[in-house]
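Heads up, the thing below is written out as structure tokens.
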Amino acid sequence: MVLGRCTSVMFLVLTVGSMASLQDTAHAENPIRRVVKLLQKMQSSVEAEGEKEKKLFEEFMCYCKTGTNDLTQSIDAAESKLPQVSSALEKAEATKVQLEKDIKQHKANVADAKKTMATAKALREKEAAAFSKESSDLKTNIAALGKATAAIEGGMAGSFLQNAAATAVLRRITLDAEMSSPDREMLSAFLSQGQGYVPASGEIVGILKQLKDTMEKTLAEVTATEEEAIKTFADLMEAKTKELEANTAAIESKLERVAQVGLEITEMKEDIDDTAKALAEDKKFLAELAKGCSTKEAEWAERTKTRADELLAIADTIKILNDDDALDLFKKTLPSASFLQTRDSAQNLKRRAIAVLHAARAKRRIPEPRLDFIALALQGKSGGTFDKVIGMIDEMVAILAEEQKADDEKKVYCESELDATEDKQKSLERKVDDLGAALEDTKGMIETLTDEIAALVDGIKALDKSVAEATENRKAENVAFKELMAADTAAEQLLSMAANRLAKFYTPKLYVAPPKQELSADQRIAVNMGSEAAPTEPPMLVQIQQHGAASVAPPPPPETWGAYKKKGEEHGGVVAMLNMLKADLEKEMQEAKVEEADAQSEYESMMSDSAEKRTLDSKTLADKESSKADLEERSLKLGEEKTATMKEAMATADTLKSLHLECDWLVSNFQVRKDARAGEVDALKKAKAVLSGADFSLLQTAHLRGSK
């Protein structure tokens, strides 16, 4: 339909031009033949336009096909890629989680290995100390037993018994060694005798040899056990060292792998997001392309049908006009003079031009004073010419063209500005949403860090409290150890003094005189003044006989007893008991020393571990506080950026509102204004043609005939 209207307008314009030229041409050419030529020219023009539009349509459809194929391939590739990348992302995230678990386990293994190595080292040192003491005691005992056996077998038992150090070792062996009660009593009795003792048999020697053999066997076993323990310790330390190195290497490699996998995860997430956005855009473009191509096919079918109808109408018209009977009829009814009669009277031209202007004004919704002014000018007297009115028409046509050009430019400006401003507002709104999400994430991270920092501070306080409590406990244990050692030492010295006192009476040769006590300055002054010095021996109870004022000769003494016999056997048992008590005290002190050393070692290890943990926690605390400060700074910047972006979005919204106020009326009424303006131009051109003497019917109107 549109093509038909455009063709009709073209036909009218061509007709106006041709009719103007016909006024001054000769009457030689048949007017019907001229009409047929015009129709044939129209036919050629329509066919040429059809060929041109067909080429454009084929190029457009080729673009549709190629673009559709490209978009379809892109969509298929994206739809195929998304599940693969998502699956790879899930695998990478699972790999990262597993790597983090492995790193955590490796770290635990490292801590366990270090703890095991420290425990094994402490135990080895403890075992080595125990072995050293036990082997030393055994070697001392074996050497003493060997000397005692050799002395007894050589008949020097008496001189041997006078050796206090040798007899002390044998007494301790008598108390500690495993033997029968008769053997222990016999050996104790032997050690309690003086120089004059001569063994009646080899029983003592047999007991001593048996003890020596037993101790040598025990020493061999203890030595073998110690060697095996040393080998086991070395194997354990070697295995744990390898385990420690392997776990440390695994931690380093897996930490590097975690960083690499984290980077891959970030890249895959960005790839998924980009691919999803591209897929959505491709689908949207494909739908729009399919719609546009379908619409264009329908338009082409409609245009092809309209053009075919137009060509058929032109062909039928040519056929009608070229028919021989029609030519004969035209010769009879339309002579050349009547066909070329195109002039009307001036008054008739005025009426026709005014009618055209009034018809245009009636179609216009908004009054146009300029049309009324031209119509008013036609009402006046023209003196037979319309040059001034025609000039006014040309000027008004130019003004309307300028107005239409201004509207076209304004419409393009409004559409581009509205699109750009709307896109900017959407971008700013998305940016505000993104900044809000980032701000919420940052605040969540700050809260998490605050909780972690509080937990670290509480942990450090608890660690400091535990260290203080452990220190107090260690001090208390050390005080208790010193008190125990002082008490046991005093008890041992007291027992030695008791045994020495008995030896002074029963075995004077074994008696050890106390060292001469040196008087202090105060004591020396007191002695010089006539006082007694401090006693060097324990006070003894003595009987003091009170003498009477006068003494009488005593009567003869009564009979009492015979020669004094010392309690040698009882003395040996008491000495053995004292030695046993001293051995128990020594054993208790040795155990206390070992326990004190172990406790001190554990305390120092605990202090070292606590210091290391506190240093690590303090560093972690500083790092987290630094991270929190950075996040708080970022949160502040995000808040400021969000506020600025919101202000910019509000300003953009105001700008968009202003654009709508400025452009909505023009855009919505653009086509109406354009059509009205085109109608005005058409009317003005028709009026000009009328005033120039053209006739739109192309045929001799019945106007003149009617006027006759």
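Listing for the model above:
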item	result
Accessible-area composition of segment 77-136, carbon plus sulfur, in percent [1.4 Å probe]	56 percent
Accessible area in square angstrom per residue, segment 54-140, 1.4 angstrom probe	66 Å²
Computed lengthening from Ser610 to Thr450, 0.36 nm per intervening residue step minus Cα-Cα distance	55.2 nm
Cross-link pairs beyond the 23 Å C-alpha cut-off, checked among Lys139/Lys587; Lys209/Lys587; Lys475/Lys582; Lys509/Lys582; Lys139/Lys582; Lys104/Lys613	Lys209/Lys587; Lys475/Lys582
Spin-label model distance (nm) - Gln590 vs Ser466, 7 Å beyond Cα toward Cβ	3.6 nm
Estimated FRET transfer efficiency when R0 is 45 angstrom, pair Glu243-Asp273 (beta carbons, to 0.05)	0.55
Two-site label geometry, Asp423 and Ala229: point separation in nm, points 7 Å out along Cα→Cβ	8.5 nm
Proximal aspartates and glutamates relative to Lys461, as straight alpha-carbon distance under 20 Å, when same-chain residues fewer than 8 apart are discounted	Asp451, Glu452, Glu469, Glu472, Glu604, Asp609, Glu612, Asp617, Asp623, Glu625
Relative pair counts by distance (%), Cα atoms of segment 275-322, 5 Å bins	5, 19, 12, 12, 9, 10, 7, 7, 6, 5, 4, 3, 2, 1
1.4 Å probe accessible area per residue over segment 572-652, in Å²	64 Å²
Partners for Lys37 among lysines (Cα-Cα distance below 18 Å; same-chain residues under 8 apart left out)	Lys319, Lys331
Average accessible area per residue (Å²) across segment 397-488 - probe 1.4 Å, nucleic acids and ligands excluded	62 Å²
Distance violations [Cα-Cα > 24 Å] among Lys133/Lys593; Lys305/Lys686; Lys465/Lys628; Lys41/Lys305	Lys305/Lys686; Lys465/Lys628
Accessible area of segment 464-512 belonging to carbon and sulfur atoms, whole % at 1.4 Å probe	64 percent
Under 20 Å from the Cα of Lys657 - lysines, other chains or at least 8 residues apart	Lys410, Lys411, Lys424, Lys426, Lys647
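The values are calculated or read from the model by the stated rules, or taken from the named source; none is laboratory data. Computed from a prediction, not measured in an experiment: that's the story for all the values here. Note that each Cβ is placed from the backbone with ideal geometry, even for glycine, and that neighbours are counted across all protein chains shown. Areas reflect the complete protein model, heavy atoms only, side chains present, ligands, DNA and RNA absent. Shrake-Rupley method; radii C 1.70, N 1.55, O 1.52, S 1.80 Å.
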